[in-house]
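One structure is given below, encoded as structure tokens.
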Amino acid sequence: MIAAVPALRAAIPFVLFHHERWDGEGYPTKRAGTEIPVEGRLLAVADAFDAMTSLRPYRDRLSSDEAAKEVERCAGSQFDPHLAEIFVAAHAASEIVTELALAGAS
């Protein structure tokens, strides 16, 4: 989809690899650690947090605190531990804006 937009073509590797896992158990290539572009590792944390805090037809959303705890729990397995640590610290400092916060809910 983004390949059709010239200005977004540089982001293709980041989108492609954001389902890889730090421990190498992700997809599509089972890359691990720093083999995953840093932008893909960052997108993985942001995308997972968004998915956890968004309402889905099959489950309720998690609170941002619950989702941040899950990011922390999965640091070193699913997520880059350094990026997860930074994300959790940013969340604790109220620097992460969620859909619920934008809507005025908690």
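In the range 44-104, which helices (runs of 4 or more DSSP H) lie fully inside it and hold 3 or more residues that are within 29 Å of P13 (Cβ to Cβ) and of a type in the set (G, A, S)? Show your work before the answer.
Values: elements: 64-73, 81-92, 99-103.
So the answer is 64-73, 81-92.
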> When you scan the range 68-84, how many residues do you find that are without any contact (Cβ under 8 Å) to a residue 12 or more places away in the chain and touching a strand residue (DSSP E or B) at 6+ places or on another chain (Cβ under 7 Å)?
Replying inline: 0
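Just to be sure before I move on: is E39 more than 11 Å from the chain's Cα centre (by Cα) and either part of a helix (DSSP H, G or I) or at pLDDT 95 or above (or both) in the structure I sent?
Working: more than 11 Å from the chain's Cα centre (by Cα): no; either part of a helix (DSSP H, G or I) or at pLDDT 95 or above (or both): yes.
In short, no.
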> If you scan the range 65-98, which residues turn out to be among the small types (G, A, S) and at pLDDT below 95?
Replying inline: S94
>> If a residue must be more than 15 Å from H82 (Cα to Cα) and of a type in the set (G, A, S), how many such residues does the range 1-53 contain?
In response: 9
> Can you tell which of F14, F49 is at pLDDT below 95 and under 23 Å from G76 (Cβ atoms)?
Replying inline: F14
>> Of the conditions (1) touching a His at 6+ places or on another chain (Cβ under 9 Å); (2) surrounded by fewer than 18 Cβ atoms within 10 Å (Cβ to Cβ); (3) not in a loop (DSSP other than H, G, I, E, B), P28 satisfies every one except a single condition; which number is it?
In response: (3)
>> Take the residues in the range 2-21 that are under 15 Å from A46 (Cα atoms) and in contact with a Leu (Cβ under 6 Å, 6 or more places away or on another chain); name whichever of them is surrounded by the most Cβ atoms within 10 Å (Cβ to Cβ).
In response: H18
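The values are calculated or read from the model by the stated rules, or taken from the named source; none is laboratory data. The model shown is predicted, which means the values in this text are computed figures rather than measured ones. Heads up, the Cβs are rebuilt from the backbone with ideal geometry, glycines too, and the neighbour counts pull from every protein chain shown.
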